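The values are calculated or read from the model by the stated rules, or taken from the named source; none is laboratory data. Predicted model only: the values in this text are computed from it and were never measured. Here the Cβ is made from the backbone with ideal geometry for all residues, glycine too, and neighbour counts use every protein chain on show.
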Amino acid sequence: MEAKELLTELGRRLGIELDASDTCSFEADGLAISINHVVELDAIALMGDLGEPPPEKLEGLYKTLLGANHLFGGTGGATISLNPDSDRIALCRALPLVTLDGETLYRELERFINTTETWAKIVADYRTAADAASEIKEDAPPAFTGNGFMQV
């Protein structure tokens, strides 16, 4: 099946209009999802926006994301990356056209959206933790400067 036919059928199932190109974008459960035909790979690429990384706690978040990428253990066959154009974290999955029909693409998309939702929550939790840590820092009392001795 050709990419355009697959995307048209998928759009019909989802109740969304496709533009003239081999791409479509929509929102699912509050998540931005894009589907593109990548001619060079002869594949359909799924991309989900996982959110903006927090300004702090990046090392822990990136370690978690890289661990999930290892042999696709936590990503359902997708990869997690940092989008260089937006500085937002993205989940991406390439599906070779030769393996797809309308039903398979729909099932893979549903699975991809579930994985995207899980990782978007993890990224948001890191953001919440980083925001809470910075608030605690701002509200913290001045450090005790008693050189290890307590004054009574």
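Remarks
- Selected residue [assigned to a helix (DSSP H, G or I), touching a Phe, Trp or Tyr at 6+ places or on another chain (Cβ under 8 Å) and within 20 Å of Thr128 (Cα to Cα)] from Leu61, Leu50: Leu61
- Residue in the range 86-96 that is more than 15 Å from the chain's Cα centre (by Cα), assigned to a helix (DSSP H, G or I) and aliphatic (A, V, I, L, M) present: no
- Residues of the range 7-35 that are surrounded by 16 or more Cβ atoms within 10 Å (Cβ to Cβ), over 15 Å from Glu110 (Cβ atoms), out of contact with any Cys (no Cβ under 7 Å at 6 or more places or on another chain) and modelled with pLDDT of 85 or more: Ala32 alone.
- Pick from the range 52-64, criterion buried (at least 16 other Cβ atoms within 10 Å of the Cβ) and either touching a Leu at 6+ places or on another chain (Cβ under 9 Å) or of a type in the set (D, E, K, R) (or both), ranking: nearest to Glu17 (Cα to Cα): Pro53
- Test for Gly48: is it on the phi < 0 side of the Ramachandran plot, out of contact with any strand residue (DSSP E or B) (no Cβ under 9 Å at 6 or more places or on another chain) and among the small types (Gly, Ala, Ser): no
Residue-by-condition table, conditions (1) closer than 16 Å to Arg93 by Cβ; (2) touching a Pro at 6+ places or on another chain (Cβ under 9 Å); (3) in a helix (DSSP H, G or I); (4) not acidic (Asp, Glu):
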position: Lys4; (1), (2), (3), (4): no, no, yes, yes
position: Glu9; (1), (2), (3), (4): no, no, yes, no
position: Arg13; (1), (2), (3), (4): no, no, yes, yes
position: Ser25; (1), (2), (3), (4): yes, no, no, yes
position: Asn36; (1), (2), (3), (4): yes, no, no, yes
